[in-house]
1. Output the residues belonging to segment 81-140 that are buried (at least 17 other Cβ atoms within 10 Å of the Cβ), of a type in the set (A, V, I, L, M, F, W, C), under 21 Å from His169 (Cα atoms) and out of contact with any helix residue (DSSP H, G or I) (no Cβ under 8 Å at 6 or more places or on another chain).
2. Between a first residue in segment 162-179 that is at positive phi and a second residue that is assigned to a helix (DSSP H, G or I) and at pLDDT 95 or above, which pairs have beta carbons less than 7 Å apart while being 6 or more apart in sequence or on different chains?
3. Within segment 26-49, can you find the residues that are without any contact (Cβ under 8 Å) to a residue 12 or more places away in the chain and within 16 Å of Trp88 (Cβ to Cβ)?
4. For segment 142-163, which residues satisfy the criterion of being touching an Asp or Glu at 6+ places or on another chain (Cβ under 8 Å) and aliphatic (A, V, I, L, M)?
5. Quickly run through segment 138-168 and pick out the residues that are within 18 Å of Gly72 (Cα to Cα) and assigned to a loop (DSSP other than H, G, I, E, B).
6. Of everything in segment 101-118, what is assigned to a strand (DSSP E or B) and without any contact (Cβ under 8 Å) to a residue 40 or more places away in the chain? Give them in sequence order.
7. Which one of these does Phe83 not meet: (1) touching a Phe, Trp or Tyr at 6+ places or on another chain (Cβ under 6 Å); (2) part of a strand (DSSP E or B); (3) not charged (D, E, K, R)?
8. Can you name every residue in segment 128-147 that is under 10 Å from Asp51 (Cβ atoms) and touching a residue at least 60 places away in the same chain (Cβ under 8 Å)?
Amino acid sequence: MSPPDHPPVDTVAIVASVKATAEKTWKESVDTTRGNPADAGFISWNTRLSDPLPMTWPLVEPTFAFYAYARGMNPMRLRDGEFVGPTWARITWAAQGQKLELTRLDTRLTSHGVQGVRPLRKEELEALKVKPLEVLLGPRTKAADQQLKSYYCLQRSVGNIPPEAVTAHAAFFEWLGCGP
């Protein structure tokens with residue numbers, strides 16, 4: 001699925017490598033000290049990873065950023081949502097050289113508010129079957145563009161793309177045409 005001027009890439013291996021890098025750095029550099037779950041201020045933090053976002057749009061040279069962000073839970077205080085923590089790292093991957101680079105952003109675990117959750121509709125579950133990196137690296141077609149738009153707009157609407165990422169990749173999100 002790669003454009004003719006780029007060698008094929010193993011997108012599953014790329015995403016796995018990015019996740020492993022994020023999780024290793026999370027454990028090493030973010031203070032996730034566990035407190036007493038009965039304490040009012042207790043939040044059990046974990047890390048999540050955004051989908052790949054192109055560094056330029058339209059895509060010229062395939063370079064992507066993944067954003068690692070914190071989400072937290074405390075079932076004693078919040079049952080139908082999660083605490084929104086900082087976007088703590090950006091991990092870039094470039095097709096040329098196929099190397100990862102992690103940049104730490106804000107590693108202070110503080111709540112920036114609460115994000116609710118909702119059940120997904122059938123068409124939303126279908127949209128989530130897309131493998132975005134495969135589609136981004138594949139040929140530009142009308143169908144591929146629609147898959148990307150449906151996928152990323154859904155991810156943004158449910159809070160899986162940090163606001164900092166939307167700002168940093170403004171041209172891509174403008175092309176997607178999804179609302180806030």
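The values are calculated or read from the model by the stated rules, or taken from the named source; none is laboratory data. Quick caveat: nothing in here was measured; it's all calculated off a predicted structure. Heads up, the Cβs are rebuilt from the backbone with ideal geometry, glycines too, and the neighbour counts pull from every protein chain shown.
1. If the condition is that a residue be buried (at least 17 other Cβ atoms within 10 Å of the Cβ), of a type in the set (A, V, I, L, M, F, W, C), under 21 Å from His169 (Cα atoms) and out of contact with any helix residue (DSSP H, G or I) (no Cβ under 8 Å at 6 or more places or on another chain), then Val84 is the only one that fits.
2. Pairs that qualify, where the first residue is at positive phi and the partner is assigned to a helix (DSSP H, G or I) and at pLDDT 95 or above, are Gly177/Lys149.
3. Lys27, Glu28, Thr33
4. Taking segment 142-163 and keeping what is touching an Asp or Glu at 6+ places or on another chain (Cβ under 8 Å), we get 151-152, 154-155, 160-161.
Once the filter is applied, which keeps residues that are touching an Asp or Glu at 6+ places or on another chain (Cβ under 8 Å) and aliphatic (A, V, I, L, M), segment 142-163 yields Leu154, Ile161.
5. Answer for segment 138-168, where residues must be within 18 Å of Gly72 (Cα to Cα) and assigned to a loop (DSSP other than H, G, I, E, B): Val158, Gly159, Asn160, Ile161, Pro162.
6. To start, the set of residues in segment 101-118 that are assigned to a strand (DSSP E or B) comprises 101-104, 114-116.
Those that are assigned to a strand (DSSP E or B) and without any contact (Cβ under 8 Å) to a residue 40 or more places away in the chain: Glu101, Thr103, Val114, Gly116.
7. That leaves (1) as the condition not met.
8. Residues satisfying the conditions are Lys131, Pro132, Leu133, Leu136.
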